[in-house]
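Worksheet: one structure, shown below.
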Amino acid sequence: MAATLCGRLFQKSGWLPLSQSVRHGSKAVTRHRKPMHFLKQKLMAVTEYIPSTPAAPPSALAPRVRKTEEEGPLAALFRKDLENLFKECKMIAVVQNNSIIAEDLMVLKHKLKKHNISVRFFPNQVTKSFISNSIYSNMLPLFAGQTVIFVSKEPKVKEMLQALKNSPQMVLLGACIENTLLSYKGIISYSKLPSMTTIQGEIVGGLTVMTSRTVSMLRHHPAHLCALLQQYVKQQGSVDAADAVSDKDTSTIQQAAA
């Protein structure tokens, strides 16, 4: 009897009643926070803690030093050869190589070799390092991509253009002819100029004409003076003859009158 009463009074944990009371109505009143006073807001803004910015590490402030690669013996040999070419040759043309076939390149070399024009290949890195520190620094933009150099001790521009007509893969970019930088149009204009022998012949012909004119001008005044004197002598002789004739006539008239 007692066990049954205790079991009814003290129920098991986790037991839920069959019926639950649900509260209906308004919610409980909660306390709202009052806004801060305007003066206190100003004071809090003025006295706000501003942490200092951390200093930059010394590794970030130090400049980065780039490691420069030393020039190898092969690059030094190329550089010396290139320097000798620029000193000895009067024509240095830069040509862009657009994947020309080896056979066509050999034919082009043979055509240029007939006119003592040689084809030289140099790495762009070596060429740019030499040109940037020389008087030919204006040629630096020409060396971009695969480039070839045509060199000759004499400026044979017509022969070079004639050989390049049958090689469309080789594009002429510019040239340095007799220490003068020329573009493609400038090279074409230079090729239309007469040869040195023709110019020398014209100069010699002009000088001979000038000397002949000088001699004729120097001889003109004495010859003209001689002609004037001869004319004067002739005129004087005719006047004397006319005077003699007139004297004879007057004498004969006087005799006839007597």
(request) Among the residues of segment 132-156, count how many are over 20 Å from Asn98 (Cα atoms), hydrophobic (A, V, I, L, M, F, W, C) and modelled with pLDDT of 90 or more. (result) 0
(request) Could you grab me the full set of residues in segment 171-198 that are part of a strand (DSSP E or B) and surrounded by 17 or more Cβ atoms within 10 Å (Cβ to Cβ)? (result) Leu172, Leu173, Gly174, Ala175, Cys176, Ile177, Leu182
(message) For segment 144-170, which positions are within 20 Å of Phe122 (Cα to Cα) and surrounded by fewer than 14 Cβ atoms within 10 Å (Cβ to Cβ)?
(response) Ala144, Gly145, Gln146, Lys153
(request) Please enumerate the residues belonging to segment 201-257 that are more than 60 Å from the chain's Cα centre (by Cα), open to solvent by 80 Å² or more (accessible area, probe 1.4 Å), modelled with pLDDT of 70 or more and among the hydrophobic types (A, V, I, L, M, F, W, C). (result) Leu225, Leu228, Leu229, Val233
(message) Can you confirm whether Ala2 is modelled with pLDDT under 90, within 30 Å of Thr180 (Cβ to Cβ) and open to solvent by less than 90 Å² (accessible area, probe 1.4 Å)?
(response) no
(request) Any chance you could count how many residues in segment 153-188 are in contact with a Cys (Cβ under 6 Å, 6 or more places away or on another chain) and among the hydroxyl-bearing types (Ser, Thr, Tyr)? (result) 0
(message) Quick test for you: out of Ile131, Ile149, pick the one residue that is farther than 21 Å from Ser191 by Cα and of a type in the set (A, V, I, L, M, F, W, C).
(response) Ile131
(message) Checking the structure you have, find out if any residue of segment 33-54 is modelled with pLDDT of 70 or more, basic (Lys, Arg) and part of a loop (DSSP other than H, G, I, E, B).
(response) yes
(request) Would you mind stating whether Met91 is open to solvent by 90 Å² or more (accessible area, probe 1.4 Å) and modelled with pLDDT of 85 or more? (result) no
(message) I'm checking my understanding of the structure. Among residues of segment 94-124 that are of a type outside the set (A, V, I, L, M) and loosely packed, with under 12 Cβ neighbours inside 10 Å, which one is modelled with the lowest pLDDT?
(response) Ser99
(request) Take Ser99 and decide whether it is part of a helix (DSSP H, G or I), of a type in the set (Ser, Thr, Tyr), more than 24 Å from Gly186 (Cα to Cα) and out of contact with any Asp or Glu (no Cβ under 7 Å at 6 or more places or on another chain). (result) no
(request) Would you mind stating whether Ser129 is at pLDDT below 90, part of a helix (DSSP H, G or I) and not aliphatic (A, V, I, L, M)? (result) yes
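Every residue, every condition in (1) over 19 Å from Glu88 (Cα atoms); (2) hydroxyl-bearing (Ser, Thr, Tyr), yes or no:
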residue	(1), (2)
Asn133	no, no
Ser137	no, yes
Ala144	yes, no
Thr147	yes, yes
Glu154	no, no
Leu161	yes, no
Ser167	yes, yes
(request) Test Ala28 against the criterion of being open to solvent by less than 100 Å² (accessible area, probe 1.4 Å), assigned to a loop (DSSP other than H, G, I, E, B) and at pLDDT below 70, and give yes or no. (result) yes
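The values are calculated or read from the model by the stated rules, or taken from the named source; none is laboratory data. Note that the structure is predicted; figures quoted are calculated from it, not measured. Every residue, glycine among them, receives a Cβ derived from its backbone with ideal geometry; neighbour counts consider all protein chains shown. In case anyone asks, the SASA skips ligands and DNA or RNA and just uses the protein heavy atoms, side chains included. Shrake-Rupley method; radii C 1.70, N 1.55, O 1.52, S 1.80 Å.
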